[in-house]
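Some notes on the structure that comes next.
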Amino acid sequence: MGAIAFHPFVLPFSIGVVFMLTALISRFILWKKKLPFADNEKIRNGFFTVKTLYALKEVFRESLLHRRMHRVNPLLGYMHMTFAFGWFLLILIGNIESRLYSGSEFNLPYYPIFFQYFVHDKTGMPLEKVFTYLMDMLLLFVLSGLALALIKRTNSRLLGLKRTTNIHKGDRIALFALWLIFPFRLIAESITSGVYHQGGFLTDTFGKFIDELLPVDQLVVPAWWAYSIVLGVFFVSLPFSRYLHIPAEIVLIFLRHYGLKPSKKFDHFSQMELFSCPRCGVCIDKCQLASELNMEQIPPGHFFHSIRDHRDDKEQAFNCLLCGRCEEICPVGINTLDIRVQRRHEFQVQDNKIQFPYLVDGKAQHAEILYFAGCMTHLTPGIKSSMIRIFEATGLSYYFMDEQGGACCGRPMQMAGRFNEAKAMVEHNQNIIDRCRPVIMVTSCPICLKSFKEEYIINAQLMHHSEFINLMMEKNKINLKHSGLRVSYHDPCELGRGLKVYNEPRKVLHQLSDLQPVQLEAHFSLCCAGSLGNTVLTNPQRNELANRTLDMLLENDPDALVTACPLCKKTLAGSNRCEVIDIAELVAANLILKGEPSRVLRTPMYSH
Amino acid sequence: MINFGYTSNKDRQIVFDENDRSVYQILQSKEPSVDICIQCGTCSSTCTTGQFTQFSLRQIIVNIHRGEMDFINEDIRKCMFCGKCQLVCPRSVNTRNIIQVLITILN
Ligand code: SF4
Ligand code: SF4
Ligand code: SF4
Ligand code: SF4
């Protein structure tokens, strides 16, 4: 190699890298200092364990290969993969190549980047041809991703995205720099190859082509300058643009493996999640508010951006269904719902007074089953009476905790971000439940169930009535006959995505009816729009959404629509387009009771 | 004056015209559906909080409409936010947002 290879054009690149690393590391140190002690402890304890290896594996899969993104949208996944993995391989193989050539383990960091400029004749180097071919191949790979990125910007529909994120000022510089990096590299390498003929199938061919048109030998140095400058610009702008997501996601993956979790408050973990969002835009089409009501600013891709830019995000924070469709699809696995509620909390009036002085100890009674109907179920008496019939059919003892009405479970308050108030209700109900000492606790409302699971400490098997019915069926405590109905099932958001109960209601329905598939179900089911998570949506807007959801659910023209949530039932029944029944009502109407002739189906319990 | 052992009550007439209705106006701008409330009381009759107290959303709406703001601030904090009122309201008033907006503007 002789003298140290150097040319002033390596400076923009080198300065950029040093600047970026300094900015990122100092930012990370500042951030880590503010972490609560317990979280820092978790990181310390996890660092030298196998968790780090698992985290590395996930970093490889997600940050480089973008596996989850592939699953969500293959073209978009490919695009992200070419940039991340393609570039990574270019750096890795470039490093190996330059080290093999120089025969030394130490390299100046810029050396592999500008290798093609410094070295024109690799004869004698091991695997010389293979490397030349490989590097050209990788460059082509990245360029194909770039082509997709350009298409995404000009016509996102071709990539299966109806809507995509728009570019903001700060990101624009970084984005253009990133786009220019690889074409400039191609040009620089091709021009050099036009002079020295050392390139591979891509750069050599392209070089020859340029040679025909332009005086290549004068262009070599300017071309490398241009390449170095765009690299430098990208690195300098990275810590201040959305590309911060690249390092942030890596950190986030490690933190998750060390056991850090989102808390109730908008804290440092939330910030790391926020910065990990690449604004890929996948959540935008999934959000019914964006796709049906043109509320484009609501999905996390935009919402997070407002928070990051310190713009007013109050409207965005409150106008969300908390349906979880965005969280389910997010390829980075960001807890989008938690962040939404944390932000709501920030906007709420913090009140430390005792909230509900009128809540005095309620009546408690021990029984095998404790039944909590919930506020919404009180508005659908058919579900209540069906549950009572089912309990009686099982022969187990039960106590109906809120038969005469009771306090709310606290979840609507929780979702509104008023945590102190929610806590007061939780304490009230917790006290009654503790005194009841049930074996099984059943609720008819998935919203309550979610609250019981997350906010309460319940020493009993806690389940939704659909799970309870399934359990009783499996234990032969109840027997069901076929109802003869063709039904479609609507997954309530809180029960499905919220609590991952997808199978039990379906198992029950298979026993009872002819269950029809629908286009979007289970994880991908649509929200009925009744959600208590949203306070702002107007009634016409809710109706519009509910009707779109019904369009999808009624595609197969079922005899009845079955759901497992009183609020979904009420919302979907509101438009009078079909019969909407709760799974408990269908079960109660088709119970085979011992010693009693089986009842005729369709009892008048299908009240709306 | 001769003391006959009784007094006359203070004038209890309320002059609504003199009341400050600004809270209602703000509420109206932030949650326009408050305007279509017919004060039927369906919300109050189903209200979860109403089982425990005298709390009545209908009354709150009426009072704010008239500019009678006594106790409103304490009262709205009794609501449990359960959403029953919203489902039963025959006029589809966005009841929970009324509470939410009031809590924000009264603090
Ligand atoms: S929240 Fe998730 S899905 Fe939405 S833009 Fe960010 S990374 Fe993509
Ligand atoms: S939770 Fe639902 S409504 Fe809210 S942003 Fe996500 S997809 Fe949209
Ligand atoms: S139910 Fe609706 S219309 Fe009736 S008083 Fe309540 S808010 Fe007003
Ligand atoms: S949301 Fe408040 S006002 Fe409405 S029914 Fe529930 S407790 Fe009553």
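The values are calculated or read from the model by the stated rules, or taken from the named source; none is laboratory data. From a predicted model like this one, the values you see are computed outputs, not experimental measurements. Positions of Cβ are generated from backbone atoms using ideal geometry, with glycine treated the same way; all protein chains shown enter the neighbour counts. Areas reflect the complete protein model, heavy atoms only, side chains present, ligands, DNA and RNA absent. Shrake-Rupley method; radii C 1.70, N 1.55, O 1.52, S 1.80 Å.
The phi torsions of the range A:276-291, fed into the Karplus equation with coefficients 6.51, -1.76 and 1.60 and a -60° offset, translate into couplings of 7, 6, x, 6, 5, x, 4, 6, 5, 5, 6, 6, 5, 5, 6, 6 Hz, rounded to whole numbers, with Gly and Pro shown as x.
The stretch between A:V130 and A:F240 holds 35.8 nm of extra length on full extension. This uses 0.36 nm per residue minus the Cα-Cα distance.
Between the DSSP loop rule and a limit of at most 11 other Cβ atoms within 10 Å, which trypsin sites (Lys or Arg not before Pro) in the range A:446-517 are left?
In loop regions of the range A:446-517 (DSSP not H, G, I, E or B), the sparsely surrounded trypsin sites (Lys or Arg not before Pro) are A:K475, A:K500.
Using a 1.4 Å probe and counting only protein heavy atoms, arrange A:D267, A:D557 so the residue with the most accessible area comes first. Don't skip to the answer; put the middle values down first.
Details: A:D267 40, A:D557 110 Å².
If we order A:D267, A:D557 from most to least accessible, we get A:D557, A:D267.
Label zone (A:R67, point 7 Å along Cα-to-C-beta; backbone nitrogen cut-off 18 Å) within the range A:317-342: A:329-334.
Which order do A:F141, A:F201 take by accessible area at a 1.4 Å probe, largest first?
Details: A:F141 50, A:F201 85 Å².
Highest to lowest solvent-accessible surface, that is A:F201, A:F141.
Label sites at A:N547 and A:R99, each approximated as a point 7 angstrom past Cα along Cα to Cβ, lie 6.5 nm apart. Accessible area of A:I91 (1.4 Å probe, protein heavy atoms only, ligands and nucleic acids ignored): about 80 Å².
Pairing chain B with chain A buries about 2400 Å² of accessible area. This figure sums both sides and uses a 1.4 Å probe.
Kirkwood hydrodynamic radius, the range A:10-245, all distinct C-alpha pairs: what's the number in Å?
On the way: mean 1/r = 0.0505 Å⁻¹.
In the range A:10-245 this quantity evaluates to 19.8 Å.
In this calculation the C-beta distance from A:E403 to A:T52 is compared with R0 = 41 Å, giving a FRET efficiency of 0.15. For the range A:189-255, the equivalent ellipsoid derived from the alpha-carbon gyration tensor has semi-axes of 36, 14, 8 Å in decreasing order. Estimated at 0.36 nm per residue, the fully extended path between A:R437 and A:R44 surpasses their Cα-Cα distance by 137.5 nm.
Just to confirm, what accessible area per residue do you get for chain A at 1.4 Å probe, in whole Å²? Intermediate results must be reported in sequence, preceding the final value.
Numbers: 25760 Å² over 608 residues.
So chain A comes to 42 Å² accessible per residue, rounded to a whole number.
With the whole protein complex present, B:H65 retains an accessible surface near 70 Å², based on a 1.4 Å probe. Per-residue ellipticity at 222 nm, computed for chain B from helices alone with -39500 (n - 2.57) per DSSP H run of at least four residues, works out to -11000 deg cm²/dmol. A Förster radius of 51 Å, combined with the Cβ-Cβ distance separating A:K423 from A:I592, puts the computed FRET efficiency at roughly 0.70.
The apolar share of the surface of the protein assembly as shown, taken as the fraction of accessible area on carbon and sulfur atoms (1.4 Å probe, ligands and nucleic acids excluded), comes to 58 percent. The candidates A:Y371, A:Y101, A:Y196, B:Y6, arranged from most to least accessible area with a 1.4 Å probe in the full protein assembly, appear as B:Y6, A:Y196, A:Y101, A:Y371.
Rounded, prolate or oblate: which one fits chain A, using the alpha carbon gyration tensor with axes a ≥ b ≥ c (rounded when a/c is under 1.5, else prolate when a/b beats b/c, else oblate)?
Numbers: a/c = 2.74, a/b = 2.23, b/c = 1.23.
Prolate, since a/c reaches 1.5 and a/b exceeds b/c.
Straight-line cross-link partners of A:K129 among the lysines, defined as a Cα under 19 Å from its Cα and at least 8 positions apart when in the same chain: A:K208. Within a straight-line Cα-Cα reach of under 23 Å, B:K10 cannot be paired with any lysines, leaving aside sequence neighbours fewer than 8 residues apart in one chain.
With a simple spin-label model that places each label point 7 Å from the Cα along the Cα-to-Cβ direction, the separation between A:L143 and A:I173 comes to 2.9 nm. Shape analysis of the range A:486-589 based on the Cα gyration tensor places the equivalent ellipsoid semi-axes at 21, 15, 12 Å, largest first. Residue pairs exceeding 30 angstrom between C-alpha atoms, taken from A:K33/B:K78; A:K33/B:K30; A:K286/A:K570: A:K33/B:K78; A:K33/B:K30. Between A:L108 and A:F524, the FRET efficiency estimated from the beta carbon spacing at R0 = 45 angstrom works out to 0.30. Taking 25 Å as the limit for the C-alpha separation, the pairs A:K32/A:K500; A:K481/A:K569; A:K152/A:K264 exceed it in the case of A:K32/A:K500; A:K152/A:K264. The range A:372-442 and the range A:311-371 have Cα centres spaced 17 Å apart. If you take the Cα centroid of the range A:502-567 and the Cα centroid of the range A:98-163, the two points sit 49 Å apart.
Between B:Q51, B:Q39, B:Q13, the Gaussian network model of chain B with springs among Cα atoms under 10 angstrom shows the greatest mean-square fluctuation at B:Q13. In this simple spin-label approximation, B:K10 and A:T538 carry label points 7 Å from Cα along the Cα→Cβ vector, and these lie 4.3 nm apart.
Interface burial in the range A:521-540 reaches 50 Å² or more for A:T535, comparing the full protein assembly with the chain by itself; accessible area from heavy atoms with a 1.4 Å probe.
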